[in-house]
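Rule-based calculations on the coordinates, nothing more; no lab input. Everything quoted here is computed from the prediction, not taken from an experiment. Positions of Cβ are generated from backbone atoms using ideal geometry, with glycine treated the same way; all protein chains shown enter the neighbour counts.
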Amino acid sequence: MTRDTGHGSAKSDRPSVLAIRVHPHDNVAVVAADVTAGSAVHLDDGTAVRALEAIARGNKIALSPIASGEAVIRYGEEIGKATTDIAAGQHVHTHNMRRGE
C-alpha cells in the first residue's frame with residue numbers, strides 16, 4: 001500500500017474510491033463504490049492500494065498479498081482461507097477464498 005498525503009488537485013487522471021477497513025489487522029477492506037481496474041482505493045488512514053480488477057461496491061479488496069491457505073481477516077477475525085494466492089488489489093470473494101466453518 002502507499003501513503004496518500006491528501007494534497008494536490010481534487011481532479012485526477014485516475015479514478016479514486018474509498019474502502020472501509022474495520023479493524024487494523026484486517027487484510028481486506030470493503031469498497032464503498034464500484035471500482036474499475038487501475039483505480040486507487042483509499043483507506044481512512046491515508047494508505048491506498050491500486051485495484052487490479054473491477055470490484056463491485058460492497059465487495060472485498062485485498063490490502064496485502066494473501067498466500068493460498070492463509071487466513072482472510074475482516075473485523076479482526078478470520079472469515080475464511082485463501083484458496084489461491086491473492087495479490088494486493090485483487091477482488092476477494094468465493095472464487096479465491098473459502099469461508100470458515
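Determine which residues of segment 21-42 fall in the zone a paramagnetic label at ASN59 would reach in this model, i.e. backbone nitrogen under 16 Å from the point 7 Å along Cα→Cβ.
28-41
At THR47 and ALA33, where each label point lies 7 Å from the Cα along Cα→Cβ, what is the point-to-point distance in nanometres?
Between THR47 and ALA33, the label points sit 2.3 nm apart.
Could you list ARG50, ARG21 in order of exposure, starting from the residue whose Cβ has the fewest other Cβ atoms within 10 Å?
Numbers: ARG50 16, ARG21 19.
Fewest-to-most ranking of ARG50, ARG21: ARG50, ARG21.
How far apart, in nanometres, would the label points at TYR75 and HIS23 be if each is projected 7 angstrom from Cα along the Cα-to-Cβ direction?
0.9
When the Karplus curve 6.51 cos²θ - 1.76 cosθ + 1.60 is applied with θ = phi - 60°, which whole-Hz ³J(HN,Hα) does each residue of segment 54-60 get, with x for Gly and Pro?
5, 9, 6, 3, x, 9, 9
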